[in-house]
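Have a look at the structure below, then the notes.
The values are calculated or read from the model by the stated rules, or taken from the named source; none is laboratory data. It should be emphasised that the depicted structure is a prediction, and the values quoted were computed from it without experimental measurement. In this analysis, Cβ positions are derived from the backbone assuming ideal geometry, glycine residues included, and neighbour counts consider all displayed protein chains. Ligands, DNA and RNA are stripped out before the accessible areas are found, and what is left, the full protein with its side chains, is counted by its heavy atoms. Shrake-Rupley method; radii C 1.70, N 1.55, O 1.52, S 1.80 Å.
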Amino acid sequence: MPHPTRTLALLDRLVAFPTVSRDSNLDLIDWAEALLSGCGFEVTRIWSPACDKAGLFARIGPRIDGGICLSGHTDVVPVEGQNWTRPAFKLTQEGGRVFGRGATDMKGFLASALAMAEQAQSRCLKAPLSLVLSYDEEIGCVGLREMLPELKPLIARPDVVIVGEPTAMQIAIGHKGKSALDITCHGQAGHSALAPQFVNAIHVASHFVTELQALQARLAEGVKDDAYDIPYSTIHVGQISGGQALNIVPDLVTLTMEFRHLADASPGDILAEINAAATRSKQAFAPDGAVTIKQRTSYPGLCVAPDAPTIDWARKITQGGETTKVAFGTEAGFFAELGLNTLVIGPGDMARDGHKADEGLDLAQLDQCDAMMTRVLQDLTG
């Protein structure tokens with residue numbers, strides 16, 4: 001097993017990189033690339049379209065199919081506006097926990113994976129070990145999608161991909177997919193004294209949101225998966241903005257919305273329903289009202305069969321971990337869409353620590369992850 005102090009030292013270094021998604025992650029990537037190259041890995045840097053960020057693919061072992069791929073994102077959510085009582089970008093240990101932005105989501109897993117990678121250089125691997133480090137996961141799994149054209153020929157056919165999002169070391173076999181949309185509702189500007197003569201964009205937006213509420217009711221009666229707290233696909237409007245002054249009829253309102261869909265539900269069908277709702281709202285205020293839709297980001301869901309052979313293997317490396325489905329999204333669906341056996345397993349409790357002030361991680365969870373990495377390495381050498 002990687003020595004616990006080594007994993008903590010790596011986590012301390014990772015947390016010290018303030019890789020908030022809006023900023024560059026290149027300092028962390030430079031450091032990780034040097035570490036992995038020094039351990040004998042073949043490392044490929046995959047640049048973002050703007051070349052201000054990058055991901056990594058690293059590989060060691062025989063050039064054959066099979067083996068294990070460990071995947072995680074390097075970015076974290078912002079800390080502004082949160083009441084931190086400890087330094088956000090400096091790892092702090094208190095009792096049986098460590099604190100710092102990204103400790104749970106998800107630099108704890110990355111630290112454990114890198115500690116194991118250092119051990120792999122001195123072992124005779126019978127199957128390859130690979131690592132994928134991505135960027136911009138926290139803003140809709142944007143980075144891995146951008147990396148895929150270069151990543152596909154590199155990753156080849158590992159037996160299993162483990163995405164290390166925090167599952168409390170349980171074996172996550174499913175999560176919903178998500179699409180984020182920007183909505184613009186159009187009306188006519190005019191003096192409020194003559195308001196009935198104009199199309200109020202707020203009225204158009206209200207009509208559209210009411211249509212979405214009706215769609216949500218239909219989805220609640222549709223496809224279900226009782227493994228989730230919310231067992232059906234969901235619609236959510238998170239932001240709305242419009243109007244310039246009380247005495248001006250607003251001609252523009254913008255909304256930001258999302259839908260999260262079960263892996264067995266068609267995102268295309270839900271998007272078609274949203275487009276139909278927009279058409280009905282436009283018709284209700286014709287000819288001067290309109291609703292336009294632009295897709296911002298999307299990622300696929302994950303659904304692994306409960307009896308998949310990879311689950312028995314996962315129980316072995318986690319020493320009996322239970323299967324679960326998680327409420328949050330991950331990059332796992334992209335790997336599954338490549339036809340790869342993919343599971344989500346990682347240290348930490350997203351509900352307790354994810355995206356919160358004083359984000360922390362139980363050292364016992366990190367120990368469990370290190371123990372899993374030891375069994376993965378044994379599997380690759382046995």
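Of everything listed in (1) of a type outside the set (A, V, I, L, M, F, W, C); (2) under 19 Å from residue 174 (Cα atoms); (3) open to solvent by less than 20 Å² (accessible area, probe 1.4 Å); (4) in contact with a strand residue (DSSP E or B) (Cβ under 9 Å, 6 or more places away or on another chain), the single unmet condition for residue 359 is (2).
Of all residues in segment 362-381 being of a type outside the set (A, V, I, L, M) and over 12 Å from residue 109 (Cβ atoms), which is most open to solvent (accessible area, probe 1.4 Å)? Can you show your working first?
Initial filter on segment 362-381 (of a type outside the set (A, V, I, L, M)): 362, 365, 367-370, 374-375, 378-379, 381.
Next cut, over 12 Å from residue 109 (Cβ atoms) only: 362, 367, 374-375, 378-379, 381.
On the way: 362: 44, 367: 71, 374: 28, 375: 64, 378: 100, 379: 65, 381: 30 Å².
Out of the qualifying residues, it is 378.
May I ask you to verify whether residue 248 is farther than 28 Å from residue 176 by Cα, open to solvent by less than 70 Å² (accessible area, probe 1.4 Å) and touching a residue at least 12 places away in the same chain (Cβ under 8 Å)? Here the answer is yes, as residue 248 does meet what is asked.
Entry remark, segment 177-235: residues being open to solvent by 50 Å² or more (accessible area, probe 1.4 Å), under 30 Å from residue 304 (Cβ atoms) and part of a loop (DSSP other than H, G, I, E, B) number 8 in total.
In segment 13-43, the residue that is most open to solvent (accessible area, probe 1.4 Å) out of those that are under 13 Å from residue 134 (Cα atoms) and either touching an Asp or Glu at 6+ places or on another chain (Cβ under 6 Å) or assigned to a loop (DSSP other than H, G, I, E, B) (or both) is 24.
Quick one: what pairs do we get from segment 283-307, first residue at negative phi, second among the hydroxyl-bearing types (Ser, Thr, Tyr), C-beta under 6 Å, 6+ apart or different chains? Between residues of segment 283-307 that are at negative phi and residues that are among the hydroxyl-bearing types (Ser, Thr, Tyr), the close pairs are 291/281; 292/184; 298/179.
The criterion of at least 2 residues that are closer than 26 Å to residue 363 by Cβ is met by the following strands (runs of 3 or more DSSP E) wholly inside segment 44-147: 68-73, 92-94, 97-99, 129-134.
The residues in segment 43-60 that are aromatic (Phe, Trp, Tyr) and in contact with a helix residue (DSSP H, G or I) (Cβ under 8 Å, 6 or more places away or on another chain) can be counted, and the count is 1. Taking the criterion of being open to solvent by 40 Å² or more (accessible area, probe 1.4 Å) and under 19 Å from residue 141 (Cα atoms), the residues of segment 251-265 that qualify are 260, 263. The residue that is nearest to residue 121 (Cα to Cα), counting only those in segment 1-12 that are among the aliphatic types (A, V, I, L, M) and either part of a strand (DSSP E or B) or in contact (Cβ under 8 Å) with a residue 24 or more places away in the chain (or both), is 1. The listed residues are 77, 132, 142, and the only one of them that is farther than 30 Å from residue 339 by Cβ and surrounded by 15 or more Cβ atoms within 10 Å (Cβ to Cβ) turns out to be 77. Annotation note: Cβ proximity below 8 Å between a residue of segment 52-70 that is more than 10 Å from residue 129 (Cα to Cα) and a residue that is small (Gly, Ala, Ser) and open to solvent by 30 Å² or more (accessible area, probe 1.4 Å) (sequence gap 6+ or interchain) occurs for 52/24; 53/24; 65/156.
Of the numbered criteria (1) among the small types (Gly, Ala, Ser); (2) on the phi < 0 side of the Ramachandran plot; (3) surrounded by fewer than 17 Cβ atoms within 10 Å (Cβ to Cβ); (4) at pLDDT below 95, the one residue 321 fails is (3).
Which of the residues spanning segment 108-129 are of a type outside the set (A, V, I, L, M), over 20 Å from residue 329 (Cα atoms) and crowded, with 20+ Cβ neighbours inside 10 Å?
112, 128
Whether a residue is within 18 Å of residue 141 (Cβ to Cβ) and surrounded by fewer than 22 Cβ atoms within 10 Å (Cβ to Cβ) was assessed, and residue 338 passes this test. Considering the conditions (1) on the phi > 0 side of the Ramachandran plot; (2) at pLDDT 95 or above, residue 310 is excluded by exactly one of them, (1).
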